[in-house]
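Each reported figure results from applying straightforward, stated rules to the coordinates on display, with no laboratory input. A quick note: this is a predicted structure, and the numbers were derived from the prediction, not measured. Every residue, glycine among them, receives a Cβ derived from its backbone with ideal geometry; neighbour counts consider all protein chains shown.
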Amino acid sequence: MDLGLLLLLSVIGLALIMAGSSAYFIFFMKRIVFRQLQDLDHVRGTGLAPERWQKGYLIKAKSDSPRRWKRRKRKNLKKLAKLTRFAKTTRFMEDDDTRAGVLQELKGIRETWEAEKNPEGMD
């Protein structure tokens, strides 16, 4: 095989590897970081858990029991804690004052969610 052809194939192979890894990184960023930013905006805007967190619970809500409701509440609080940790460490905040404000809002939302009672009064 000619050395020039081998060099050309190597360059094309490396370019394809770079394009593939870039596409994977974009997918990873959308999946992990931007989804958490959307969840953060939704929680701050509405004070409610995002629908994505509720999918399994809403399907099973027809035969809702106090135990299932408590489990859903506990899972939502864990996800909110994870979102709070994300807000503490992310670089997507404008400055420290913004971060402190967001963390204060999340703290208030967490207290509201913790104080929430079962809608049917079966708590």
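Among 29, 18, 93, which one shows the biggest mean-square fluctuation in a GNM of the chain, springs joining Cα atoms closer than 10 Å?
18
So what is the relative contact order for segment 37-115, in percent, with contacts set as C-alpha pairs under 8 Å and at least six apart?
Across segment 37-115, relative contact order equals 34 percent.
Cut-off is 10 Å between beta-carbons; in what order do 70, 30 appear when sorted fewest neighbours first?
In increasing order of surrounding Cβ atoms, one gets 30, 70.
Among 65, 89, 37, whose Cα projects farthest towards the positive end of the dipole of segment 37-115, with charges put on the beta-carbon of Lys, Arg (+1) and Asp, Glu (-1)?
65
Using the crude model of +1 on Lys and Arg Cβ and -1 on Asp and Glu Cβ, and no other charge, please compute the dipole size for segment 37-115 relative to its Cα centre, in debye to 20.
Numbers: 22 positive and 11 negative charges, 197 e Å.
Dipole size: approximately 940 debye.
With a ≥ b ≥ c the root eigenvalues of the C-alpha gyration tensor of segment 37-115, is it rounded (a/c under 1.5), prolate (a/b larger than b/c) or oblate? Kindly include the intermediate steps, with their values, before the conclusion.
Values: a/c = 2.84, a/b = 2.22, b/c = 1.28.
It comes out prolate by the Cα gyration axes.
For the pair residue 82/residue 1, report the inter-label distance in nm, with labels modelled 7 Å from Cα in the Cβ direction.
Here the modelled spin labels are 4.5 nm apart.
Net charge around residue 88, counting only other residues with Cβ within less than 12 Å of its Cβ (Lys, Arg = +1; Asp, Glu = -1)?
That sum, taken over residues with Cβ under 12 Å, equals +4.
May I ask you to compute the full-extension gain from residue 17 to residue 46, defined as 0.36 nm times their residue separation minus their alpha-carbon distance, rounded to one decimal in nm? Don't jump to the answer; show the numbers that get you there.
Values: separation 29, 0.36 × 29 = 10.44 nm, distance 4.23 nm.
Difference between extended and current length: 6.2 nm.
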